[in-house]
Amino acid sequence: WVPGFMLTTGVMVLIAQSLGAGKRKLAEEIYGEALILALLISLPITFLGVSVAEQFIKIIVVSPEVSIKGTQYLLARFTGLPAMYLFFTIGAALRGAKDTKTPMIIGVLGNIFNIVLDPILIFGLFGAPKMGVFGAGLASSISFYFTLLLYLLLAVNGRLIILPKMKMLSSSTLRKILYLGLPLSVERVLMSILMVTYISMIARFGSTSLAAHQIGLRIESLVFMPGIAFRVATATLVGHEIGARNISKAKEVINAAAKLSLLFMSVTGFSLAAISRYVPRFFIENEAVCSLSTIYLILAGTSEPGLGLFFALAGAFHGAGNTILPVTVGIFSNITMRIGLGWTLGKYCELGAVGMWMGMFFDVYLRSIILYFIYKRKYEKFVKILV
């Protein structure tokens, strides 16, 4: 997945800046080049993945039965990788052109198609062969090809805001996409490693702490997802203004987005904290786990305003052609606060998992404060016009 994420922000920002600069032809050419790049990346990964899937699974899994099923699932998912990368790229291009509704609708229809196809291929309904785990992976892969078909139908009927102009991938476009996308790909990898480290630390405080963390995280995810939407929207709108060389207007957009994201995430976050005592009981009856989950949700809920501000400001820098700064700030804050301070409070101050969650709380606010300080003092210095 990680290389696919590399494409999304790079394509979205480049198309937003191109359209903002009034260079529609350039935007269409970048779009076409990005589709070719998606194939150039995904096809070798697909081939390599199919070749080493069994060996890779055996490194991770001991059980022969699980290893066989894991290999089957992985092989099925790899067949959908090219379609998935194209799906990411098309969605990013449309968002860069200020159309967020079409990718949302196509994504929802793709998920519905996947949900319907899953039981048919897993259990062999309506005359289909019973494929079990392989069918589950195959249904996911086919759903991505289904979304491409929907996009094609919309394109043929003139329903898309921007269409690609196919041309060979240029070194200039490749450099720009990598410049924007590589930091985010590196962040995905590092954050995954840091998250595994963080969860393993929590697990050291017992199964109750780990269960409480997992339940709390699932509940919290419903609250912080809108913050990601603010990041995408801010990056797109700011990208258009930066492309038009109108930094003062871009800052107006950022200020409005930051206030809206802060307000929205404050309302949802504190609402979550207010009902934190009751929500975990929908997931588990164990009183000890529920009590710990309540503490997690209070800390997570009251940290949402900081997360909302960080998302909006990260989008502001993304749209300005700078993805390195938000990534650097996020990794620094994660290591020092979430892991460093969290482990100190949990292990040496004997607060257990609560100490780790306090580290998470301070991590969120530290990254938002640092990014806000840089934005207020030196935003113009980090702007990079790429078109």
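The values are calculated or read from the model by the stated rules, or taken from the named source; none is laboratory data. Everything numeric in this text was worked out from a predicted model, so none of it was measured. Heads up, the Cβs are rebuilt from the backbone with ideal geometry, glycines too, and the neighbour counts pull from every protein chain shown. Note: accessible area is taken over every heavy atom of the protein model, side chains too, but ligands, DNA and RNA are not part of it. Shrake-Rupley method; radii C 1.70, N 1.55, O 1.52, S 1.80 Å.
Structure above, values below:
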read-out: Of the criteria (1) in contact with a helix residue (DSSP H, G or I) (Cβ under 7 Å, 6 or more places away or on another chain); (2) more than 13 Å from Phe311 (Cα to Cα); (3) open to solvent by 30 Å² or more (accessible area, probe 1.4 Å); (4) assigned to a helix (DSSP H, G or I), which one Leu222 fails; value: (1)
read-out: Top-ranked residue in segment 21-57 [being over 30 Å from Leu160 (Cα atoms) and without any contact (Cβ under 8 Å) to a residue 24 or more places away in the chain; ranked as most open to solvent (accessible area, probe 1.4 Å)]; value: Phe47
read-out: Any hit, segment 207-217, residues being in contact with a helix residue (DSSP H, G or I) (Cβ under 7 Å, 6 or more places away or on another chain), of a type in the set (S, T, N, Q) and open to solvent by 30 Å² or more (accessible area, probe 1.4 Å); value: yes
read-out: Hey, Leu86 open to solvent by less than 70 Å² (accessible area, probe 1.4 Å) and among the aliphatic types (A, V, I, L, M) or not; value: yes
read-out: Close pairs (7 angstrom Cβ cut-off, 6 or more residues apart or separate chains): under 17 Å from Ala316 (Cα atoms) and in contact (Cβ under 8 Å) with a residue 40 or more places away in the chain in segment 171-183, open to solvent by 60 Å² or more (accessible area, probe 1.4 Å) and aliphatic (A, V, I, L, M) anywhere; value: Pro183/Ile324
read-out: Within segment 272-282, tally of residues that are more than 12 Å from Ser303 (Cα to Cα) and either open to solvent by less than 100 Å² (accessible area, probe 1.4 Å) or in contact with a Cys (Cβ under 7 Å, 6 or more places away or on another chain) (or both); value: 6
read-out: Per-region count, segment 119-158, residues touching a residue at least 24 places away in the same chain (Cβ under 8 Å) and either over 25 Å from the mean Cα position of the chain (by Cα) or exposed (fewer than 13 other Cβ atoms within 10 Å of the Cβ) (or both); value: 5
